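This report concerns only the one structure given below.
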Amino acid sequence: MARCIEFNEVEKIEKAMNVFWEKGYNATSMQDLVDAMQINRSSLYNTIGDKHQLFMKCNSHYFDKAMCEIKQKVAQEKSGMQALINIINDKAAWIVDCEKGCLGIKSIFELAPDNNDVRNLLSRNNEIYIDFITEVVQKAIDEGEMNSSEDAALMAEYIMTSFTGWKQAFILHRDPIKIKRMAAYLIKNIKK
């Protein structure tokens, strides 16, 4: 009789996600994953699938967790502009504090050019994120906190791509003050 497989899948996905996040997809072996997850290979294959399927689940988990956090923070603010300011300042702080960088961005550069599954997943995640930021921008516009002639979707895209540029700048220069100044400059330029 086969043994029952009992483990907390979310907990194991978290552990695998951290390995992919640290090492990247190509440098991560199945042995790295089973060691980190503390399960045997057959349990991994039977419940989650192969390395690629696990990677996809890890990216989905990473994104879902980040979206949950940002939605909770935005829901706490009455003002659309204050929510945007918090998002921008939080992202600037995260860029400076998180040595590993963004799993999504790492995955885009490592796998998305050659892997349709990864590209489609990350593209979908990107659209969801931009749609959410667009809603927050539109709220700020509707509340008169931003210029009514602004294109909310374009502004959301601009804000999001600024974050990516900040991470690149921080990796190259390790200057947290520069990142905070860029965040302040972005906030200044989106206010009415």
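The values are calculated or read from the model by the stated rules, or taken from the named source; none is laboratory data. As the structure is a computational prediction, the values presented were derived from the model and not from experiment. Note: ideal-geometry Cβ built from the backbone for every residue, glycine included; neighbour counts use all protein chains shown. The protein model used for the area step is the full one, side chains on, heavy atoms only, and it has no ligands, DNA or RNA in it. Shrake-Rupley method; radii C 1.70, N 1.55, O 1.52, S 1.80 Å.
I'd like the distance separating the alpha-carbon centroids of the stretch 120-174 and the stretch 14-43, in whole Å.
Centre-to-centre distance over Cα atoms comes out at 32 Å.
Classify the stretch 129-192 as rounded, prolate or oblate from the Cα gyration tensor: take a ≥ b ≥ c as the square roots of its eigenvalues, call it rounded if a/c is under 1.5, otherwise prolate when a/b beats b/c and oblate if not.
Values: a/c = 3.42, a/b = 1.91, b/c = 1.79.
Because a/c hits 1.5 or more and a/b exceeds b/c, the stretch 129-192 counts as prolate.
Which one of Phe170, Ile187, Trp94 is farthest out on the positive end of the charge dipole of the chain, using unit charges on Cβ (Lys, Arg +1; Asp, Glu -1) and the Cα centre as origin?
Phe170
Relative contact order (percent) for the chain, with alpha-carbon contacts under 8 angstrom and 6 or more residues of separation?
On the way: 153 pairs, mean separation 42.4, N = 192.
Rounded, it is 22 percent for the chain.
I'm spelling it out carefully: the read-out is Kirkwood radius over Cα pairs in Å, the candidates are (1) 19.3; (2) 18.3; (3) 16.9, and one was derived from this structure. Which label?
(2)
Can you give the charge dipole size of the stretch 16-102 about its Cα centre, rounded to the nearest 20 debye, using +1 on the beta carbon of Lys and Arg and -1 on the beta carbon of Asp and Glu?
220
Using unit Cβ charges (K, R positive; D, E negative) and no other charged atoms, how large, in debye to the nearest 20, is the dipole of the stretch 1-147 about its Cα centre? Walk me through the intermediate numbers first.
Numbers: 17 positive and 23 negative charges, 72 e Å.
So the dipole magnitude of the stretch 1-147 works out to roughly 340 debye.
For an R0 of 30 angstrom, estimate the FRET efficiency from the Cβ-Cβ distance between Gln31 and Glu77 and round to the nearest 0.05. Could the numbers behind the result be given before it?
Details: r = 45 Å, r/R0 = 1.51.
About 0.10, to the nearest 0.05.
Quick check on the stretch 56-135: take the gyration tensor over C-alpha atoms, sort the square-rooted eigenvalues as a ≥ b ≥ c, and tell me if it's rounded (a/c under 1.5), prolate or oblate. Don't jump to the answer; show the numbers that get you there.
On the way: a/c = 2.41, a/b = 1.69, b/c = 1.43.
Prolate, since a/c reaches 1.5 and a/b exceeds b/c.
Placing +1 on the Cβ of each Lys and Arg and -1 on the Cβ of each Asp and Glu in the chain, which of Leu122, Met17, Leu44 has its Cα farthest towards the positive end of the resulting dipole?
Met17
Using helices alone, what [θ] at 222 nm do you get for the chain, with -39,500 (n - 2.57) per DSSP H run of 4 or more residues, divided over all residues and rounded to the nearest 500?
Values: 9 runs with 145 residues, N = 192.
Counting only the DSSP helices, I get -25000 deg cm²/dmol.
What's the carbon and sulfur percent of the stretch 39-79's accessible surface, probe 1.4 angstrom, rounded to a whole number?
Values: 1170 of 2320 Å².
The nonpolar share, carbon plus sulfur, comes to 50 percent.
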